[in-house]
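Structure first, then comments.
Please treat every number below as a calculation from the coordinates, not as lab data. Just so it is clear, the structure is predicted and the values come from calculations on it, not from any experiment. Every residue, glycine among them, receives a Cβ derived from its backbone with ideal geometry; neighbour counts consider all protein chains shown.
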Amino acid sequence: MRKFFHLAALVALLALAPAAMAQGNAPIDKDYESSKAAELESVKLQLATRQDSRGIGEMTEAESALRRLRETKATDQRAKIAAELDSALARLHLVADGVGAGK
């Protein structure tokens, strides 16, 4: 039952993230990049305390999206990449929290 709620929250987050980014409520600037880089480092620390390799793909995807975001100048492309980064970080948080781990 707990896994269901976590998965439902993830689905809701993934469904709303692109729409929120498209609204442009928060600018995708250097502060945004810095906060996402800090969030990624925080999740990396969480994963370092686990014996679980499931997060490697999500971590690679998040790092790649962050790198592309820093290199891209076009506003519309930055919004798309930011949505990808948010989704990758959400999945990474789920892995770090142990959601879906066999018990």
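Observations on the model:
- Footprinting exposure proxy ranking of ILE56, ILE81, fewest other C-beta atoms within 10 angstrom first, gives ILE56, ILE81.
- Added length on full extension, which subtracts the Cα-Cα distance from 0.36 nm per residue, THR60 to ALA48: 2.9 nm
- Listed values for segment 75-89 are Karplus-derived 3J(HN,Hα) couplings in whole Hz (6.51 cos²θ - 1.76 cosθ + 1.60, θ = phi - 60°), namely 4, 5, 5, 4, 5, 5, 5, 4, 5, 4, 4, 4, 5, 5, 5, and x replaces Gly and Pro.
- Put in order of Cβ neighbour count within 10 Å, fewest first, the listed residues VAL43, VAL99 become VAL99, VAL43.
- Under Karplus coefficients 6.51, -1.76 and 1.60, residue-wise ³J(HN,Hα) of segment 27-42 in Hz, glycine/proline x: x, 9, 10, 4, 5, 4, 4, 5, 5, 5, 5, 5, 4, 4, 5, 4
- Table column - 3J(HN,Hα) (Hz), segment 56-72, Karplus curve with 6.51, -1.76, 1.60, x for Gly and Pro: 4, x, 5, 5, 4, 5, 5, 4, 5, 5, 5, 4, 5, 4, 5, 8, 8
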